[in-house]
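These notes are about the structure you will find just below.
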Amino acid sequence: MLLTRDFSHYVKELDSGISHIDLAVEGVNCAGCMSKIERGLSAIPDVTLARVNLTDRRLAIEWKPGVLEPAQFIDRLAELGYKAYPFEPLRVESMEIERSKFLLRCLGVAAFGAMNVMMLSVGVWAGSDMTPVTRDFFHWLSALVALPCAAYAGQPFFQSAWQALRVRSVNMDVPITIGVILALGMSLVETINHAEHAYFDAAVMLLTFLLAGRFLDQKMRQRTRAVAGNLAALKAETATKFVSPEEISEVPIAAIRAGDIVLLRPGERCAVDGIVIEGRSEIDQSLITGETLHVHAERGTQVYAGTLNMSGTLRVRVSAAAEGTLLAEITRLLEHALQARSRYVKLADRASRLYAPVVHATALLTMLGWVALGAGWHDAIVTAIAVLIITCPCALGLAIPAVQTVAAGAMFRAGVLLNSGDAIERAAGVDTIVFDKTGTLTLPELDVVNAASVPEEVFQLAGRLALASHHPVAAAVARAAQAKAPLRDVVEQPGHGVRAIVDGVELRLGSPVFCDAERQASEILGQDPEVSVVAFSRGQERYVFAVRQLLRPDAAAAIAALRSRGISIELLSGDREAAVRHAAESLGVTVWRAGVTPADKIAHIEDLKRQGRKVMMVGDGMNDAPSLAAATVSMSPISATHLSQATADLVFLGKELAPVLAAVDYSRKAMSLMRENLWLAVGYNILAVPIAIVGLATPLIAALAMSGSSLLVMLNAMRARRVRRGFT
Amino acid sequence: MEVMVILVPLALALGLLGLLAFLWSLKTGQYDDLEGAAWRAIADDDLPPLPPAPTPPQIERG
């Protein structure tokens, strides 16, 4: 059979007749890598552009269509020492990029307006001997700059406020919009009437500050998306597809259609859902069900994306998603859980629901008060609008996004990616964490448990022999022995193992029967029935390796630390009781249940929520996806199935469980800072509002008060990155 | 004071020019990779290779 790699799915044809592809590249950290890659690729004839984006760790290549194939670039990069894989920017990611560009344009316009209006305003404030004509001229120029700038740069706020008002609710953008429009309108009327004060500068400055906060927030979100996109691409999920009965081609899963026939070799993870049409094998479904025992697969067996093929080669006909009973059940539960997820009201929205009526009532009372005390309507209205301007939620609008941005950045460095913006607020209140076992508390890969009981030299030799096998258990031995040099002339006996002759002695690695080590194997299995065994023989010597999924190295410490923060820990797994008990006992978790179905998991979480608990669900399997959606907040490791990752609010990277702890710590810190910032904003208003009510809020005082309070909450937000790290 | 009728609009026009330059640089993707751009500025791959260093004169020892 002929094997080719087909990446044409990712190639874009530009209008100029040039082909373009985007690659995610791993390990690009410095300027050296950048020029090495760019020069290495530009040396290929017909390549017209090779440009690395160091921020996103991506590479754009353009070439004249013809002889060049995208696979060549990936091979060239591998020669240079970089793993690369093509990717398609997700629709959400492109939308985020568009959004942050739009915000940056608005920020540029607002900053231009603020600077130039301020230049004119400072002239008015400083020029005590200025003639009224000159002052009017300056005010008119300010209006000329401020009105179009505010009309353009205010769009993000106007749109969001309009959307909120249309569904009869109030968000933070409603008071902002009202404040800006009234300030501009009043200033224009005052300018026409040759008055002394105009507040154009305040309105545009307010927009500038708020846009800066929004932009940083957006940028953080976009960066998280980019990292998540790269990680997804670098998983390089491909399937081996039959293009004709005799010819196979490695294609990205995005290019696989229902009805295609794919080849699944031993040791490969299945990338599609489908039905076996040929072959027999053992399948590891632990990523789907949490069950670590293997199931038998033969003609007619349904296989799911994410399962691991252990022993034999299979041919699978790809089915459309959600055809199987398990998958359909999970999808149904997931939809139900997503509908039932009560709409969480964000802190910012709760604050603005309180804030908007209070402020607008204060302004109204100020106006009525002035009229009652005998002032003219004009003076009363001007004072009321000054109250609105000075209370305009400059600090309030920044108080929460600034903290979120800083906290998201700090969490990003600790290995936590945020999927949803309000995840921080929800994670801060968590008092119960429900863990899944397989792939969450344990590492997704297998590891050798009894390496210490085998002589080092034998272990090395077995590892080198194991390199020749695709079987996942053998691969675990090779990985644990850190074997690099494969042995020569290795013969593989399908379904049994591999053998080779070294220095005249026969080595065998494979099933206990194949190596004649059944006695030793049954001893090991008697001690720990959950392990998989692989036997190794050298001449007359017999060894048996026990292989299993190990707990994450810091799992016990992380769980103890979470508990010391007053969080109760539970363990729910679809796996057998013995396996779950073992994990629970070694982690000191007392509340655990084994053999739980997805429906049971949801029921349990809903139960906890009814008791008033705030539940965080941490899980990776497809069977966890519905309960992830049902929990208050949810978290997945990066190795999780697509469905779980898409459902989770937070995704964590790496081999350790510490990011779960970091997520809780940073969220709690961020939440307390958000509250603090809100109180700072309230305190500022208590000081500033009386000044405005008595009519002393000149444009100069408004400008000073607004920028002062904004700086204060921004500086306070910076503290969100300072959290004591570690397990204490 | 009449000079301000010229100077102030001139100042605003210069500011506007700056804004247009910013919008142009944004549109041409110059803010897409700030980290990489920082390094590109000091990359020296646009320089011709240095001539080989002259071998130091051998000192004859008597």
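The values are calculated or read from the model by the stated rules, or taken from the named source; none is laboratory data. The structure displayed is predicted, hence computed values, not measured ones. Every residue, glycine among them, receives a Cβ derived from its backbone with ideal geometry; neighbour counts consider all protein chains shown. Accessible surface is based on the protein model in full, side chains and every heavy atom, while ligands, DNA and RNA are left aside. Shrake-Rupley method; radii C 1.70, N 1.55, O 1.52, S 1.80 Å.
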Among residues of region A:58-110 being surrounded by fewer than 16 Cβ atoms within 10 Å (Cβ to Cβ), touching a strand residue (DSSP E or B) at 6+ places or on another chain (Cβ under 7 Å) and within 23 Å of A:T238 (Cα to Cα), the residue modelled with the highest pLDDT is A:A60
Among helices (runs of 4 or more DSSP H) entirely within region A:488-573, at least 3 residues that are over 26 Å from A:G267 (Cβ atoms) occur in A:518-527, A:555-564
query = Does A:G588 fit the bill of being open to solvent by less than 30 Å² (accessible area, probe 1.4 Å), among the small types (G, A, S) and out of contact with any Cys (no Cβ under 7 Å at 6 or more places or on another chain)?
reply = no
Of the listed residues (A:F412, A:F435), the one being buried (at least 18 other Cβ atoms within 10 Å of the Cβ) and modelled with pLDDT of 85 or more is A:F435
Exception for A:V458 within (1) aliphatic (A, V, I, L, M); (2) open to solvent by less than 40 Å² (accessible area, probe 1.4 Å); (3) outside any helix (DSSP H, G or I); (4) more than 26 Å from A:V580 (Cβ to Cβ) falls at (3)
- Any chance region A:570-577 includes a residue that's within 30 Å of A:H496 (Cβ to Cβ) and touching a Lys or Arg at 6+ places or on another chain (Cβ under 8 Å)? yes
Output yes when any residue across region A:684-695 is farther than 30 Å from A:S121 by Cα, open to solvent by 20 Å² or more (accessible area, probe 1.4 Å) and of a type in the set (S, T, Y), and no when none is.
no
Flagged in region A:121-146 as open to solvent by less than 20 Å² (accessible area, probe 1.4 Å) and within 25 Å of A:I178 (Cβ to Cβ), in numbering order, are A:S121, A:H139, A:S142, A:A143, A:V145, A:A146
Selection from region B:22-41 of residues within 15 Å of the chain's Cα centre (by Cα), more than 8 Å from chain A (Cβ to nearest Cβ) and assigned to a helix (DSSP H, G or I) yields B:S25, B:A37, B:A38
Listed by first then second residue, the pairs whose first member lies in region A:555-570 and is among the hydroxyl-bearing types (S, T, Y), whose partner is not in a helix (DSSP H, G or I), with beta carbons under 6 Å and at least 6 positions apart or on separate chains, are A:S568/A:T432
Flag for A:V513 being open to solvent by 30 Å² or more (accessible area, probe 1.4 Å), among the β-branched types (V, I, T) and either in the same structural domain as A:G267 (by TED's automatic domain parsing) or touching a residue at least 12 places away in the same chain (Cβ under 8 Å) (or both):
yes
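Across region A:1-26, what is the number of residues that are in contact with a strand residue (DSSP E or B) (Cβ under 7 Å, 6 or more places away or on another chain), part of a loop (DSSP other than H, G, I, E, B) and either open to solvent by 20 Å² or more (accessible area, probe 1.4 Å) or within 14 Å of chain B (Cβ to nearest Cβ) (or both)?
Within region A:1-26, residues that are in contact with a strand residue (DSSP E or B) (Cβ under 7 Å, 6 or more places away or on another chain), part of a loop (DSSP other than H, G, I, E, B) and either open to solvent by 20 Å² or more (accessible area, probe 1.4 Å) or within 14 Å of chain B (Cβ to nearest Cβ) (or both) number 5.
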If we keep only residues of region A:31-54 that are of a type in the set (K, R) and within 9 Å of chain B (Cβ to nearest Cβ), then the residue nearest to the chain's Cα centre (by Cα) is A:R51
Exception for A:L80 within (1) touching a helix residue (DSSP H, G or I) at 6+ places or on another chain (Cβ under 6 Å); (2) within 14 Å of chain B (Cβ to nearest Cβ); (3) not small (G, A, S) falls at (2)
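Report yes if some residue within region A:147-167 is in contact (Cβ under 8 Å) with a residue 60 or more places away in the chain and surrounded by fewer than 17 Cβ atoms within 10 Å (Cβ to Cβ); otherwise report no.
no
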Those residues of region A:438-455 which are crowded, with 22+ Cβ neighbours inside 10 Å and not in a helix (DSSP H, G or I) amount to A:T442, A:L446, A:V448
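Does A:L396 satisfy the condition of being outside any helix (DSSP H, G or I) and either of a type in the set (A, V, I, L, M, F, W, C) or assigned by TED's automatic domain parsing to the domain that holds A:F200 (or both)?
No; evaluated as a whole, the condition is false for this residue.
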